[in-house]
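All remarks here apply to the structure that follows.
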């Protein structure tokens, strides 16, 4: 494990998403990681998209750029790479980063997998895949495996390996949250969870850990908080808040509404709306300012309030709210470290530092 930096206290409990949303220039991650390091942020989370966001490349860039940040995929999928390739990505990152890496896996989207000719991911598959990876990381040869995640005659990395690599699961629903508590080292929740939903999600993770005979405190739970302060330009803030929530509603609105216990009527109106229907892809990437302002009128205020908005001080207090609701860490979502800087400054003045004594930067520890 690398030493913590001495010139600024590292906020091991705060993270950010690298290249949040869409990007045409993945090299922007390098400056983001440098700035995050200067601010003292704890971890960078890397989401994967099949265009310019390949997780292994970006994680390696983050490790080479910052000697302090924890690094996690959040998420990739176990079924888009051969397990030996995924295992090697993780062991390479583990050694390259000095133990700062965590492998984050998610269930993904059935529609996308159908288009790619891949089977949808099940809980049994994720459980089996994680078991295979951990066996490989600890020097075991996996021979004659025939399980939910696949069949392989012989898999092996190196019999001398004894690599302790944390696994995160990125999840929404209560059943998968309980599964994560049983099998994962950490959990990454979803953006636009209400405080009540966050508390219920943490409880589900802890419940799953207890049922599996694990110490619930050993599973780190990360809240994902859209952080859109009023220091941002209006058009940009609109895209990061309304645009992002609307894009989630396009992709899996029923699940997000159900998990939060929201009335589904506004979702139905959203889907029927002519402006929404006219946008031929992700709203946060393609909608104009006028379209986003119209879409804002379709979304209930309390849906948009499941975020950190307003002044930097108000956003900082919303971060503390996440800890009060049970989160162990907060990923400030949708903003670059430069955009997050005023909020980080305000947070330092109210940080409940004693809660994080003994923590390290690895987001899965």
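Taken together, the values in this text are just the output of simple stated rules run on the coordinates, not laboratory data. Everything numeric here is computed off the predicted structure, so don't read it as measured data. Cβ coordinates were reconstructed from backbone atoms using ideal geometry, including for glycine residues, and neighbour counts include every protein chain displayed.
Please give the Cα centre distance for segment 67-144 versus segment 158-198, rounded to the nearest Å.
With segment 67-144 and segment 158-198 each reduced to a Cα centre, they are spaced 12 Å.
Once you have a ≥ b ≥ c as the square roots of the Cα gyration tensor eigenvalues for segment 199-344, tell me rounded if a/c is under 1.5, and otherwise prolate or oblate according to whether a/b is larger than b/c.
Oblate is the answer for segment 199-344, as a/c is 1.5 or above yet b/c matches or exceeds a/b.
Quick check on the exposure proxy: order 336, 265, 314 from fewest to most C-beta atoms within 10 angstrom.
Fewest to most other Cβ atoms nearby, the residues stand as 265, 314, 336.
Any idea what the relative contact order of segment 232-306 is, in percent, if you count C-alpha pairs under 8 Å spaced at least 6 apart?
It rounds to 42 percent for segment 232-306.
Given the Cα atoms of segment 192-262, and with Rh set as the inverse mean 1/r over their pairs in the Kirkwood sense, what is Rg to Rh to two decimals?
1.10
On a 0 to 90 degree scale, rounded to 10, what angle separates helix 55-65 from the longest Cα axis of the chain?
90 degrees
Output the antiparallel fraction of DSSP beta bridges having both residues in the chain, as a percent to the nearest 5.
Looking only at bridges with both residues in the chain, the antiparallel portion is about 15 percent.
Exposure proxy check: 222, 303, 152 ranked by fewest other beta carbons within 10 Å?
Fewest to most other Cβ atoms nearby, the residues stand as 152, 303, 222.
Among [x] 58, 49, 41; [y] 66, 40, 35; [z] 85, 41, 39, which one is Cα extents along the principal axes in Å computed from these coordinates?
Checked against the structure: label [x].
Hey, what did the chain get for relative contact order, percent, Cα under 8 Å, at least 6 apart?
Relative contact order here is 20 percent.
I'd like to compare 88-96, 47-55: which one has the highest average count of other Cβ atoms within 10 Å, and what's the full order after that?
88-96, 47-55
Per-residue counts of other Cβ atoms within 10 Å, averaged by peptide: what ranking do you get for 122-132, 251-261, highest first?
Going by the mean number of other Cβ atoms within 10 Å, highest first, we get 122-132, 251-261.
Angle, helix 174-183 long axis vs. longest principal axis of the chain, Cα atoms, 0 to 90°, nearest 10?
Tilt of helix 174-183: around 30 degrees.
Helix-only mean residue ellipticity at 222 nm, the chain, DSSP H runs n ≥ 4 weighted -39,500 (n - 2.57), per residue, nearest 500. What is it?
Helix-only estimate at 222 nm: -13500 deg cm²/dmol.
Could you work out Rg/(2.2 N^0.38 Å) for segment 232-306, with Rg from alpha carbons only?
1.01
Please say if segment 26-111 is rounded, prolate or oblate, where rounded means a/c under 1.5 for a ≥ b ≥ c the square roots of the C-alpha gyration tensor eigenvalues, and otherwise the choice is prolate for a/b larger than b/c and oblate otherwise?
Verdict is prolate for segment 26-111.
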